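The values are calculated or read from the model by the stated rules, or taken from the named source; none is laboratory data. Values in this document were obtained by computation on a predicted structure and should not be read as measured data. Reconstructed Cβ throughout: ideal geometry from the backbone, glycine too, with neighbour counts over all protein chains shown. Ligands, DNA and RNA are excluded from the accessible area calculation, which covers all protein heavy atoms including side chains. Shrake-Rupley method; radii C 1.70, N 1.55, O 1.52, S 1.80 Å.
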Amino acid sequence: MRLAGKAALITGAGSGIGRRTASLFAAEGAAVVAVDIDPKGLLDTVRGIEAKGGRIIGVQADVSRDEDCAAMIEAAEGEFGGLHVLFNNAGVSHPDDSDAVETTEEVWDLTFAVNVKGVFLGCKHGIPAMRRSGGGSVINTASFVARVGAATPQLAYTASKGAVLSLTRELAVVHAKEGIRVNALCPGPLRTELLMQYLDTEEKRQRRLIHIPMGRFGEATEVAHAALWLASDESSFVTGTEFMVDGGITAAYVTPLAP
Ligand code: NAD
């Protein structure tokens, strides 16, 4: 059991990467606090893990709200006596996010409220709890788009994920001596709801696939396994990194031709 004795809070646990990670962390012995704004997705995650005998509670919260973030951390300490892993994973990708000319201020502000302020607030309340627990591992979900520009623009999303990388680096440096590690996880294009709602035709999917050396989309479970390693003590000398789980997309200039 790679997370035995640890309490882990995961935001965005009602779907995709967060749900898969909650399930994997619970199977590896963690007590899990699953957090999501969507009560239905959250309940499905909690019931699924309970059915397999995992230790889990669900907390409905909007990570862009200070009081909600305070409450989710309080729930972790209240229920499980501490906090050792904080996976700031909730994120939004707005359908109207576009280039600088077309993107509205509302879309920009919403994207930054969830993707950047949500990570800040998770740390604001989570780091004191980790100090009380004697240290821990913070994992912030960024994206491969923080490292490369795309011709199909999503300016607010891309910029928000760049901010996640820079705040991760600084947090890592500031809290290193306290035994609190902070790393960013950068998934490539995945076969989850968040991306597939845009890539809703075979033609659109193929246009994205030609950029991925492995020639396929990633799975949420492949990101969850990277999160597990960052959460566990196996990564004890790793902090401030940008952990790419992207099928090679950010390494590629030209990809092999499709057969
Ligand atoms: P998803 O849409 O399946 O899951 C995201 C979850 O976050 C949802 O359950 C949603 O309800 C929740 N959420 C949204 N706003 C919230 C808020 N304000 N407070 C609390 N919860 C909120 O997406 P996913 O693919 O699992 O994405 C998870 C993370 O991975 C996101 O940060 C996303 O940007 C990032 N990511 C995804 C991909 C991809 O291809 N899917 C690629 C790179 C990065």
- If you stretched the chain out fully between residue 210 and residue 27, how much longer would it get, using 0.36 nm times the residue separation minus the C-alpha to C-alpha distance? 62.4 nm
- Item | 14 Å beta-carbon shell around residue 135, net charge (K/R +1, D/E -1) | +3
- Query: Full extension from residue 4 to residue 177: what is 0.36 nm times the residue separation minus their Cα-Cα distance, to one decimal in nm?
  - Reply: 59.9 nm
- Compare 157, 198, 253 by solvent-accessible area with a 1.4 Å probe and give them largest first, with all protein chains kept in place. 253, 198, 157
- FRET efficiency for residue 233 and residue 66 from the Cβ-Cβ distance with R0 = 35 Å, rounded to 0.05, comes out at 0.70
- Note on the structure: Reported to the nearest 10 Å², residue 117 has, with a 1.4 Å probe, an accessible area equal to 100
- Note on the structure: Check: C-alpha center region 1-62 vs C-alpha center region 216-259, spacing in Å is 21
- Note on the structure: Counting only residues 5 or more apart in sequence or on a different chain, those whose built amide H sits under 5 Å from that of residue 218 are 190, 191
- What whole-number value in cubic angstrom gives the convex hull volume per residue for the C-alpha atoms of region 3-90? 71
- Query: How do 19, 55, 208, 169 rank by accessible surface area computed with a 1.4 Å probe, from largest to smallest?
  - Reply: 55, 169, 19, 208
- Might you tell me the accessible area per residue for region 1-58, computed with a 1.4 Å probe and given in Å²? 41
- Query: Hey, what number do you get for the chain at 222 nm if only DSSP H runs of n ≥ 4 count, each worth -39500 (n - 2.57), divided across all residues, to the nearest 500?
  - Reply: -13000 deg cm²/dmol
- Kindly work out what percent of the DSSP beta bridges joining two residues of the chain are antiparallel, to the nearest 5. 0
- Stretched fully, the stretch from residue 201 through residue 102 gains (0.36 nm per residue minus C-alpha distance, one decimal, in nm) 33.3 nm
- Item | Accessible area, probe 1.4 Å, largest first, for residues 178, 102, 203 | 203, 102, 178
- Message: Going by amide H atoms built from the backbone, whose H comes under 5 Å of the H on residue 244, apart from near neighbours?
- Response: 186
- Taking Cα pairs closer than 8 Å and at least 6 residues apart, the relative contact order of region 4-151 in percent is 24
- If the limit is 25 Å between Cα atoms, which of 52/161; 52/124; 40/124; 124/161; 6/161 go over it? 52/161; 52/124; 40/124; 6/161
- Item | Accessible surface, per residue, of region 156-220 when the full set of protein chains is kept, probe 1.4 Å, Å² | 51
- With no solvent and one equal point scatterer per Cα, compute the Debye intensity ratio I(q)/I(0) for region 103-259 at 0.11 Å⁻¹ and report its log10, rounded to two decimals. -0.48
- Message: Give me the percent of accessible area attributable to carbon and sulfur for region 116-259, probe 1.4 angstrom.
- Response: 59
- Message: Order 104-113, 90-99 from most to least packed using the mean count of other Cβ atoms within 10 Å.
- Response: 90-99, 104-113
